[in-house]
Amino acid sequence: MSERKATFRVNRGGPLEVTGKFRILDARGEEIEKEGPVYLCRCGGSRNKPFCDDTHKTRDFKG
Amino acid sequence: MDDPRNRQYTNGEITVFWKPSRCIHATTCFRELLEVFNPGRRPWVNMEGAPTRKIIEVVNKCPTQALTWKYNADLSREEQASLKDRQEAKAEVTPETLTEEAAEIKPATVRVMRNGPLIVEGEFKIIGPDGNQMKTLRMTSICRCGNSGSMPFCDGTHRKIGFTDFNG
């Protein structure tokens with residue numbers, strides 16, 4: 001377990017990279033992931049939400 | 001029908017209505033006007049924090065109408081009657097306490113909102129696409145639908161485009 005403060009790196013045109021100390025809860029409030037790095041979908045198109053599956057590369061996502 | 005968590009706040013001229021059940025943590029209110037909307041304070045809405053027209057401007061930007069407003073002259077009798085007891089600070093629900101893991105957590109908590117944004121709270125930092133750290137409060141919401149007008153933050157657009165967690 002990393003002791004660093006949680007860091008959220010916004011990759012241009014790509015996912016949110018999460019490292020450091022954090023936890024992720026799904027929509028029901030259940031913990032789904034403990035340790036990083038984790039890549040979370042920002043483009044809206046992943047078929048493995050909330051995680052990135054590289055769909056942004058086929059969508060021309062600029063955000 | 002009427003949620004007991006609902007609150008009303010007034011500055012004598014207008015009344016702002018807060019309906020926690022509608023809040024999707026777009027965070028527009030406190031990113032735009034922390035002087036008035038501060039989830040870290042009780043009560044979390046301070047009607048003396050800015051001029052009426054500024055408060056109206058920011059309330060109008062609330063994407064879900066969790067926040068609405070009325071001129072006091074237009075209040076119904078029921079609204080006038082409830083104004084007093086709806087202002088009490090005790091046991092007030094704020095955008096922060098709505099996400100139940102409030103103050104004490106050390107690791108940042110990322111909540112995946114169904115068909116909505118990521119809510120991030122606790123101790124964390126956000127590095128923007130340019131590599132620089134972005135200014136954020138203790139809680140922020142990050143777009144998951146890919147269409148926010150204020151990337152990387154949520155602006156409520158997911159509702160308008162019908163974003164869902166399920167691919168068709």
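The values are calculated or read from the model by the stated rules, or taken from the named source; none is laboratory data. Not measured: the values here are computed from a predicted model. Note that each Cβ is placed from the backbone with ideal geometry, even for glycine, and that neighbours are counted across all protein chains shown. Each accessible area value is taken on the protein alone, full model and side chains, heavy atoms only, with ligands, DNA and RNA left out. Shrake-Rupley method; radii C 1.70, N 1.55, O 1.52, S 1.80 Å.
Tabulated data
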item	result
Residues of region B:9-50 that turn out to be surrounded by 22 or more Cβ atoms within 10 Å (Cβ to Cβ), touching an Asp or Glu at 6+ places or on another chain (Cβ under 8 Å) and of a type outside the set (A, V, I, L, M, F, W, C), as a count	3
Any chance B:Gln87 is surrounded by 14 or more Cβ atoms within 10 Å (Cβ to Cβ), farther than 25 Å from B:Arg144 by Cβ and at pLDDT 90 or above	no
Subset of region A:31-45 that is part of a loop (DSSP other than H, G, I, E, B) and at the interface with another protein chain (Cβ under 8 Å from one of its Cβ atoms) - its residue that is nearest to B:Gly128 (Cα to Cα)	A:Arg42
Filter result (in contact with a helix residue (DSSP H, G or I) (Cβ under 8 Å, 6 or more places away or on another chain), crowded, with 19+ Cβ neighbours inside 10 Å and either at the interface with chain B (Cβ under 7 Å from one of its Cβ atoms) or over 20 Å from B:Arg114 (Cβ atoms) (or both)) within region A:7-30	A:Gly14
Residue count for region B:51-66, restricted to those that are open to solvent by 10 Å² or more (accessible area, probe 1.4 Å) and at pLDDT 95 or above	7
Complete set of residues in region B:123-156 that are hydroxyl-bearing (Ser, Thr, Tyr), open to solvent by 20 Å² or more (accessible area, probe 1.4 Å) and not in a loop (DSSP other than H, G, I, E, B)	B:Ser150
Selection status of A:Lys49, within 20 Å of B:Ile24 (Cβ to Cβ) and crowded, with 16+ Cβ neighbours inside 10 Å	yes
